[in-house]
Each structure stands twice: as C-alpha cells, then as structure tokens.
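Trainee: Mind looking over this structure? Questions follow.
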C-alpha cells in the first residue's frame, strides 16, 4: 500500500531524475507551476491532498516514464519511511570507453568496477549500473559528480536520455531525438556541443538513463 507521502516523494524524485524542479516539471506538463508545491500537499485543515490521476498521466507523458517505472520511485520507501540502499556497479564516464567493461550488448562485465549505494533508488534487475559524470560537457543538465543510473534492458523511445557507445569506443550521454533504420539523431545537453547524427553501424550499443542522483 502506498502512502500519501510516498506518492509525493516519488514525484519529487521523478522531477529530480529527469532534470526538473517540481515546479518546472508541472509547467512542462502544462499544469500550474505551483501544482506540486509542498504547500499544496495538505489542506488548510491538515488533510492530505493527493495528486490527480490526470496530473500523474501528464508528468509521465512529458518525461517518457511508464507507470511501472514510476512505481519504482514509490517502492524505494519502506513502511517506516526509511530509504533502502542497494549497491550497483559504478564507473566513470571517461573510463567507460575503454575495452573490457561492457559486453557487446552494453551490459557491465569484468573487473575495475566500484560499487555505490544510492538511497532513493532500487534497481529492477542485475544489469543496471551507474556512470559518474566528470567535467562540464553535459552542463547544465548534468554536472561533475552526478551519478547516472543506466538500464540496458529498458526500452528506448524518442526523448529518452541515453548512453551511447560508438564502434570507436567513444561514450556519450545524449537525448535521442530520432531513430530509424538508417540514422540515429542525438541532441547534446550543452549548447557548446553540436547535435550528432550517426548510422546504426557506427553504434555499438544504446542504453537508457533511468535515474540520476544529483
């Protein structure tokens, strides 16, 4: 059973993981920017206010998150409100381009991985791993030290943030803007970096960025 507090914390974490403030997420979804303010979560009489199903549907739509994935943001809390901790493999983005750390399908393998506990995140399967951002090439969305949780098994759709490993061992984090049988178009987060168009033959694998710890 999910509590009133669990649902609101899940919305907060959905916003954070997709690069928005809660007010920014509401605005992106076409809602009043104050819809998810903490002051709106309880009535003046102290009764809990729940987000509407329409509001939830809108924020899931604009973030390309399924209801099943949203539930993972709820399930990270125990009944007593404490955060669970789950260790997952982690490696630096720069190091990830070296050989030996991934299978041909983009699953983590081999030695050289550290592990990290992420309060607020429960991995859905053993293939999930994390990349640590270094430098400023992904600003303003991702900054040095941010942890990106990556899911090789999740489906990828237009608008998703993805990890891309090319055949020449370059690892990039981009937004997928278009994918066809002949080309893959990727948008850069940093305006100082150009958008990219690649042939599927140039790409070793793509994996979805599922969550971010900032």
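The values are calculated or read from the model by the stated rules, or taken from the named source; none is laboratory data. All figures in this text were calculated on a predicted structure; none of them were measured in a lab. Cβ placement follows ideal geometry from the backbone for every residue including glycine, while neighbour counts extend to all protein chains displayed.
Trainee: Looking only at region 186-206, decide whether some residue is free of Cβ contacts under 8 Å to residues at least 40 places away in the same chain and in contact with a helix residue (DSSP H, G or I) (Cβ under 8 Å, 6 or more places away or on another chain).
Mentor: For region 186-206, residues free of Cβ contacts under 8 Å to residues at least 40 places away in the same chain and in contact with a helix residue (DSSP H, G or I) (Cβ under 8 Å, 6 or more places away or on another chain): absent.
Trainee: Got at least one residue in region 43-52 being in contact with a helix residue (DSSP H, G or I) (Cβ under 7 Å, 6 or more places away or on another chain), more than 14 Å from residue 9 (Cβ to Cβ) and either crowded, with 16+ Cβ neighbours inside 10 Å or modelled with pLDDT of 85 or more (or both)? Steps first, answer last, please.
Mentor: Here is the first cut: in region 43-52, the ones in contact with a helix residue (DSSP H, G or I) (Cβ under 7 Å, 6 or more places away or on another chain) are 48-51.
Okay, now just the ones that are also more than 14 Å from residue 9 (Cβ to Cβ), so 49.
Among the residues that remain, those that are also either crowded, with 16+ Cβ neighbours inside 10 Å or modelled with pLDDT of 85 or more (or both) are: 49.
Yes, because at least one residue in region 43-52 is in contact with a helix residue (DSSP H, G or I) (Cβ under 7 Å, 6 or more places away or on another chain), more than 14 Å from residue 9 (Cβ to Cβ) and either crowded, with 16+ Cβ neighbours inside 10 Å or modelled with pLDDT of 85 or more (or both).
Trainee: Do the conditions hold for residue 141, that is, is it outside any strand (DSSP E or B), at pLDDT 75 or above, touching a helix residue (DSSP H, G or I) at 6+ places or on another chain (Cβ under 9 Å) and surrounded by fewer than 19 Cβ atoms within 10 Å (Cβ to Cβ)?
Mentor: The answer is no for residue 141.
Trainee: Restricting to region 151-171, name every residue that is closer than 26 Å to residue 59 by Cα and at pLDDT below 90.
Mentor: Hits for region 151-171 are 151, 152, 153, 154, 155, 156, 157, 158, 159, 160, 161.
Trainee: Going by the structure shown, is residue 131 outside the structural domain of residue 170 (by TED's automatic domain parsing) and either part of a strand (DSSP E or B) or modelled with pLDDT of 85 or more (or both)?
Mentor: In short, no.
Trainee: Something else now. Taking the condition at pLDDT below 90 and under 30 Å from residue 208 (Cβ atoms), does residue 25 pass?
Mentor: no
Trainee: Now a separate question. Restricting to region 1-51, give me the number of residues that are farther than 21 Å from residue 69 by Cβ and either within 19 Å of the chain's Cα centre (by Cα) or assigned to a helix (DSSP H, G or I) (or both).
Mentor: 5
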